[in-house]
Amino acid sequence: MKAPVSTAIAIAFGLIVLLGYFIPLPLFNALRDILLEWAIVLAGVAVFVGVANLFLVHGRKISRSQPGSGYSYVVIIAMLATIIVAALFGPTGYWSLWLFKNIQVPVETSLIGVLAIILVYAAARLLRRKLNLFSIIFFATVLVVLLGSVPLLGIEIPGLHGEFGLRSLLIQLPAVAGARGILLGVALGALAAGIRVLMGVDRPYGG
Amino acid sequence: MAADMAELRCPMCGKANPEELDVCQFCQARLKPVLPSAPIPEDEQAAVEGSSRLPEPAAQDDSLSDWLNFLRDSGAESEGPPAESGGEDQPPPAGELPQWLERTGGEASEPVGEGDSQDWLDSLRKRGEEITGPLGQETVPEESMDEDWPASVKLPDQDYVPEWLAGASLGDQAGEPLAEPPSEEESSLESDDEPDWLQKIRLRQRDETEESQSVESAPAEEPGMPDWLGEPASGVPAAPDEPAESVSDWLADLRSGGAPVGEEVELPEAPATGEELPAAEQELEQPLEETPAPPPEILEEAAAPVLGAAEEIPTAPQISDEEIPDWLAGLVAGKAAAAAAGSVEADAESLPDWLADLDKPSDADSGVIVPFGEEEPGLTFDWLQEQVRADQGLAVPPPESSEAEEVQAEKITPFVGDLSDFLEEEYLSTPEGERPPAAQPEEGLTPAELPNWLEAMRPLDAAAMSAAVLDEGESQIESSGPLAGLRGILPAEPDVARLKKPPTYAMRLQVSESQQANANLLDELVKTEGQPRAVRMGAAITSQHVWRLIIFVVLIGVIIWKALTGSQEVALPQPLPEILDTGSVIGALPSNSVVLLAVDYEPGFSGEMKATSAAVIDHLMLKGAYFALVSTSPAGVGLAEQLIQDASALGGHQYQVIDRYANLGYIPGGPMGVVGFANAPRKMTPFALDVDSTAVWSREPLQRVTRLADFDLVAVLTEDADTARVWIEQVQPALDSTPLVMLLSAQAEPMVRPYYQSSSNQVQGMVAGLLGGGSYESAHQDLLAGDGPARRYWDAFSLSMLAAVILIALGGLVSLLTQALASRDTSEGEKKS
């Protein structure tokens, strides 16, 4: 009983939204907007549910004194402090922005910085892990793009730098071609997935 | 039974076959014996007799016991076809005796077959002439004995009239129940498979036993005849006018060696010559001299069940009174007269020995109730089997086992009061030392050869296994049923039905070594699956750590050095086309334009995005644009706020919230939120996040903005290609002529460039990464006073990039050299090997 009902609802709403794009009737537009609003509201509520779940998980971990509960203390304290500050001073208040600017941004920025070192190390060991034609091509491409990104000691090498340099050529031809192919594939896949959902074949909603 | 009579049962497979077939249609065994045209030679007689012990074709009456069929056929000189199946269950014509009766030596007016069936009777006659012994002091000469006549056959007294004959003479006796229904005790002792007539015999015997106890002197030579011999079918009363003398006459003739007493009785022809008789049959004559005659009462009583059995035999011929031959009627009348006149002794004397043996008191006469199956063991056909076996040259069975001896001692016989009594009684009464030796093949006689039809029925490897089979059969004596006491009988009960101790099975599971090994392996795998594996603690510092440390030191060293020195020696890159287009778009904006700024990047990319977008935002600020900040990520609100404040501070602009920008906040739902915002921006973000003033849509300049196309410019800041694609695909259709500019991270540039370079021109401008920001600053030197973030980061960025390239190249070279050396060592090692 549960599966057919949810499937019917999903198909009906999907068709209504789709028809709103093809049939420029005010009724369909209105229905589409209403359904979208409902979806956006549900997505917003889902954020609250996620926050609540996070709070419960870490709270349970603290209550059971499980290993790693110290980090749960930090999470809950930070969450509560941010909520309190934002509630008091607003999301764009001074202290709210201060917490964001001096805690969240540096933490995440440092993680991205470590990534740079990891990527360089991985590129250096690429040929050791796998030595074949495609790995060599990839290795060479990386070097060309990196070198063509910046002038070498302030000197732009003709043929490498510039609008018609090797770097621009690699980016605009093979990279763009590949990107276009990927985008087309993604679009077709999304289209097929949407049709399958509208037909009831796929039921990602758990029906 | 009628249907059975129209079919022949294959002796091998037991399946029904049409009567007209000679060979079984299933197993190709012969159904009908071969009819020899010539007299059967001596050496084959034994084989014939022995083969006659085998299950006979179904042409014969199945209901009759084998001994009866044997006796019937034994008198035939040639293996003629068995009693015509059509005639067995049909009453013979009027005036004719039934075939089975005719064979018993009745009036030979209708000889059965070619007169061959009366050979046995002839032999009886001859024997009766020569028999001397307890019965009639007559002995049967060996040469006059029929081939197939057992050695222990004893003719009854001459004057003995069997009861069945006496009973048949009285018409009112035909339908009388000749035997009382067996009591429960008797029935319990009897086999379930025992025919009723046999049961009646037992009852009669028991009754006779009781009666004989009151008889002081039971004449040992009372006349008597086997029940089967004179007892006709039911409803066949003997002719009362038939003088008993006729019956007694032929019986007396048998005893006296052919001297007729009274009216002559034509007996069945004896074999032409005694030479045709097998030697075994000749030897059977000897015990006749010593076999006492059974008491007439016993024979009479024994005849009664036979009568009754005959009644139950559906195939027994129905003989009317008119059909009873004179001699047979005379037998019955004579018996009755003799019994009435008390001339039993005289009759007994006149009867042949073998008939007189029937009067011999048996266990039933003595009052001993012998359970069925436990009769005298001597009254079995073991001697017949031995004889046949000897004739055939088969191995003589070993001495009887203890069980067999016990059985023999108990004198178990399958029959009580039937023909076998007078046949074997004398043999059993004879001491072992006086008993004739086992029949040995005489010199000059060739071993018995099986006839063709019998040979065809013989199963494969029977010759090889016959000995073993016979050995097994010899050691097993049937202890119950109508064949009790016989050897070589197929067990009535299958082995599975016999009570025996069930095999004891070990409770332990029988597992082979390989199976046990596999099971142990699987058990270990399952156990180890749930157990945490101990992580090997490697070295604290490995080459990987070293290399990372080196890379870190190099990169961070360059950056710190350049940052500390503040050098700006490296020139900014030349403007790229997308940079120029972005500048053109922004330059074409009117003053006090309203720009939608979507900040959708993660806080970790804020440094790059700041360097990428600082010049563009400053350019927009210089144009006096009003920023409407939105974000589809929760952290975008703070990033947007910070971005504007940093750009304002960097460019020296006094951008205050509400006056110069409005932070509309977070749009949930991802792509759905973007679509909703594109369709109805006011509905999706009705309030600003400013505490002081939230109703920005009612204030200038957002008051004139009702839809997304009302914005003068839409700029999207993101580091993710998918987010960029969502904004492009969902928002751009609603923008109409409003330009869309993408401010991206370097990693998202390849996926957004197709939208910029496509003919649809969905993206009008694009600034990607630090290179794009530096190029934009290079194109607009007046922006940020020429000292924007890109300018400050460019030297360090270029130098660190060069260092990274060098490190990567060095690593690649090292990897190539390492592998080359390893392969060379491997090849050298292979060459050496």
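For region B:533-552: of the residues being among the aliphatic types (A, V, I, L, M) and within 10 Å of chain A (Cβ to nearest Cβ), which is surrounded by the fewest Cβ atoms within 10 Å (Cβ to Cβ)?
Only one residue tops the list, namely B:LEU549.
Has region B:734-749 got any residue that is buried (at least 23 other Cβ atoms within 10 Å of the Cβ) and assigned to a helix (DSSP H, G or I)? Checked region B:734-749: at least one residue is buried (at least 23 other Cβ atoms within 10 Å of the Cβ) and assigned to a helix (DSSP H, G or I). Here A:ARG167 does not qualify as touching a Pro at 6+ places or on another chain (Cβ under 8 Å), at the interface with chain B (Cβ under 10 Å from one of its Cβ atoms), within 30 Å of A:ALA124 (Cα to Cα) and not small (Gly, Ala, Ser).
Out of curiosity, is A:ALA116 within 30 Å of the chain's Cα centre (by Cα), within 8 Å of another protein chain (Cβ to nearest Cβ) and surrounded by 17 or more Cβ atoms within 10 Å (Cβ to Cβ)?
On the way: within 30 Å of the chain's Cα centre (by Cα): yes; within 8 Å of another protein chain (Cβ to nearest Cβ): yes; surrounded by 17 or more Cβ atoms within 10 Å (Cβ to Cβ): no.
So A:ALA116 fails the test.
Contact map, region B:672-693: residues that are more than 7 Å from chain A (Cβ to nearest Cβ) paired with residues that are of a type in the set (Ser, Thr, Tyr), Cβ distance under 6 Å, separation 6+ or inter-chain. Pairs shown: B:PHE687/B:THR694; B:ALA688/B:THR694. Mind listing whichever residues of region A:119-132 are more than 8 Å from chain B (Cβ to nearest Cβ) and at pLDDT 90 or above? A:LEU119, A:ALA122 - these are the residues of region A:119-132 that are more than 8 Å from chain B (Cβ to nearest Cβ) and at pLDDT 90 or above.
Of the residues making up region A:86-108, just one is at the interface with another protein chain (Cβ under 7 Å from one of its Cβ atoms), surrounded by fewer than 18 Cβ atoms within 10 Å (Cβ to Cβ) and under 17 Å from B:TYR601 (Cα atoms), namely A:GLU108.
In region A:32-51, the residues that are more than 7 Å from chain B (Cβ to nearest Cβ) and farther than 17 Å from A:TYR21 by Cα form Cβ pairs under 8 Å with partners that are of a type in the set (A, V, I, L, M) and assigned to a helix (DSSP H, G or I), at six or more places apart or across chains, as follows: A:VAL51/A:MET79.
Of all the helices (runs of 4 or more DSSP H) wholly in region B:624-732, which have at least 3 residues that are in contact with a strand residue (DSSP E or B) (Cβ under 7 Å, 6 or more places away or on another chain) and surrounded by 22 or more Cβ atoms within 10 Å (Cβ to Cβ)? Explain how you work it out, then say what you get.
Numbers: elements: B:636-651, B:671-679, B:681-684, B:721-726.
Fully inside region B:624-732 and qualifying: B:636-651.
Just one residue in the set B:ALA785, B:ALA790 is surrounded by 22 or more Cβ atoms within 10 Å (Cβ to Cβ) and either among the small types (Gly, Ala, Ser) or part of a loop (DSSP other than H, G, I, E, B) (or both); that residue is B:ALA790.
Just for region B:793-818: of the residues that are buried (at least 21 other Cβ atoms within 10 Å of the Cβ) and of a type in the set (Val, Ile, Thr), which one is farthest from A:ARG129 (Cα to Cα)? The selected residue is B:VAL805.
Taking the criterion of being of a type in the set (Gly, Ala, Ser), at negative phi, more than 10 Å from chain A (Cβ to nearest Cβ) and free of Cβ contacts under 8 Å to residues at least 60 places away in the same chain, the only residue of region B:593-632 that qualifies is B:SER631.
The values are calculated or read from the model by the stated rules, or taken from the named source; none is laboratory data. Remember, predicted model here, so these are calculated numbers, not experimental data. Note that each Cβ is placed from the backbone with ideal geometry, even for glycine, and that neighbours are counted across all protein chains shown.
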